[in-house]
Amino acid sequence: MNNYEMEEDFIPVFLIDGFLEAGKTQFLQFTMDQDYFQTDGKTLLLVCEEGENEYDEQLLKRSKTSVVYIDSLADMTPERLFELELLNNPERILIEWNGMWNLDKLRLPDSWRIYQQITIIDMSTFDLYSANMKPLLYSMVRDSELVICNRCDGIEDLSGYRRTLKAMCQRGEIVFEDSQGEIDEIADEDLPYDVSADVIKIKPEDYGIWYIDCMDRRDRYEGKVVEFTAMVLKSPEFPRNYFVPGRMAMTCCADDMTFLGFITKAREAKDLETKQWVTVRAKIAYEFWKDYDGEGPVLYAESVTSAQPIRDVVQF
């Protein structure tokens, strides 16, 4: 967890989520015992589910941490949480979230601010939860700063899992761990297109794979020329001659549709209209762009021509 500085009027909240037995308690206990996470004031720890591991009483005492167990989402009201703030007078809040509660329903007091959100995933059960509880999974990882995927021993296709999670959590960091610690090298998957070609041609069914890989692998795409078909998005906020060609994607379910595209500079931009379909051939650069919160893919179009609409949405 990061060292933090916030306005004095707000209490920082560290939100740790994940499904049962993912390792949330273990992660929190390890963090609370680290020198970088020590603080002079009190800490309030809200535990929303009880797993096999219990918090060490000596650790709680050393870290001046009070634990409150919350059994129902109905008790996680701003009014109840503010009462706990008054009773405990904490300098910061830790929340061990119940993975069976929809995180979209979390409401905090006005004086609380989520400073950092971390999701813990047990990869040995990921397929089960992804297939049966994808909306809950999506609500947890969507805004996470860090997703820690543990228990990866014996899993071969980590690149596929990374792509799936990156589609849900585009701005967060995805980390994989096995029994030896963090996995530094993840074998590249066989991509369905030739990245060594003079022009990398992206088929409609491969758009999602390319989009996520392009976000994640600057070393693979910088300076390359790509060609794909997409829908036009324009905005008065874009600089002159810029637009976004993209596709609608279903990252979770039909209610969670996202437009995936990269900012593109093209001489044809002034003549394009939103929702128009085009085929774009462009060179890929990586530059600062405010919507990326840093550097990301920026395309420089060599040509933009009209195209037939693609009816299917991108799925992961």
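The values are calculated or read from the model by the stated rules, or taken from the named source; none is laboratory data. Values in this document were obtained by computation on a predicted structure and should not be read as measured data. As a convention, Cβ positions derive from the backbone with ideal geometry for all residues, glycine included, and neighbour counts pool all protein chains shown. What goes into the accessible areas is simple: the full protein's heavy atoms, side chains included, and nothing from ligands, DNA or RNA. Shrake-Rupley method; radii C 1.70, N 1.55, O 1.52, S 1.80 Å.
With the full set of protein chains in place, find how many percent of the accessible area of region 11-158 is carbon and sulfur; take the probe as 1.4 Å.
After summing per-atom areas, the C and S share lands at 46 percent.
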Please work out how many pairs of lysine residues in region 203-316 are eight or more positions apart (or on different chains) and have Cα atoms closer than 19 angstrom.
11
Figure the gain on full extension for E222 and V313 (residue separation times 0.36 nm, minus the Cα-Cα span) and round it to one decimal in nm.
30.1 nm
Between region 169-205 and region 10-43, what is the separation of their alpha carbon centroids in Å?
30 Å
Is the C-alpha gyration tensor of region 201-295 telling us rounded, prolate or oblate? Criteria: a/c under 1.5 is rounded; beyond that, a/b larger than b/c is prolate, otherwise oblate.
rounded
Region 115-126 - phi-based ³J(HN,Hα) in whole Hz, Karplus 6.51/-1.76/1.60, Gly and Pro as x:
8, 8, 10, 10, 10, 10, 10, 7, 5, 5, 10, 4
Cut-off under 20 Å on the C-alpha distance; same-chain residues fewer than 8 positions from K64 excluded. Which lysines are left, in chain and number order?
K24, K42
If each part is reduced to its alpha-carbon centroid, region 271-316 and region 104-138 end up apart, in Å, by 30 Å
Show me, for region 38-43, the HN-Hα J-couplings you get by feeding each phi into the Karplus relation (A = 6.51, B = -1.76, C = 1.60, θ = phi - 60°), rounded to Hz, glycine and proline as x.
6, 8, 6, x, 8, 10
Sorted by accessible surface (1.4 Å probe, heavy atoms of the protein chains only), largest first, D127, D312 come out as D312, D127
Show that you can apply the helix-only estimate: for the chain, add -39,500 (n - 2.57) for every DSSP H stretch of four or more residues, divide by all residues, and state [θ] at 222 nm to the nearest 500.
-5500 deg cm²/dmol
I want to check the label-to-label distance for T39 and Q116. Put each point 7 Å from Cα in the C-beta direction and report it in nm to one decimal.
1.1 nm
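Round to a whole number: what % of the accessible area of region 175-220 belongs to carbon and sulfur, probe 1.4 Å?
Numbers: 1080 of 2710 Å².
Exposed carbon and sulfur together represent 40 percent of the surface.
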Computed over the chain, the distribution of all Cα-Cα distances in 20 Å bins, rounded to whole %, is 29, 50, 21, 1
Highest GNM mean-square fluctuation among T43, T305, T65, for the chain with Cα springs under 10 Å, belongs to T305
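For D75 and T31 in one chain, what is 0.36 nm times their gap in residues minus the Cα-Cα distance, to one decimal in nm? Mind showing how you got there, number by number?
Numbers: separation 44, 0.36 × 44 = 15.84 nm, distance 2.64 nm.
In short, 13.2 nm is gained.
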Please list 3J(HN,Hα) in residue order for region 64-76, calculated via the Karplus relation 6.51 cos²θ - 1.76 cosθ + 1.60 where θ = phi - 60°; whole Hz, with x for glycine and proline.
6, 10, 9, 10, 10, 8, 10, 8, 9, 4, 5, 8, 8
Among bridges DSSP assigns within region 60-200, what percent are antiparallel (round to 5)?
20 percent
Dipole of the chain (Lys/Arg Cβ +1, Asp/Glu Cβ -1, origin at the Cα centre): which of F259, Q276, Y211 lies farthest to the positive side?
Q276
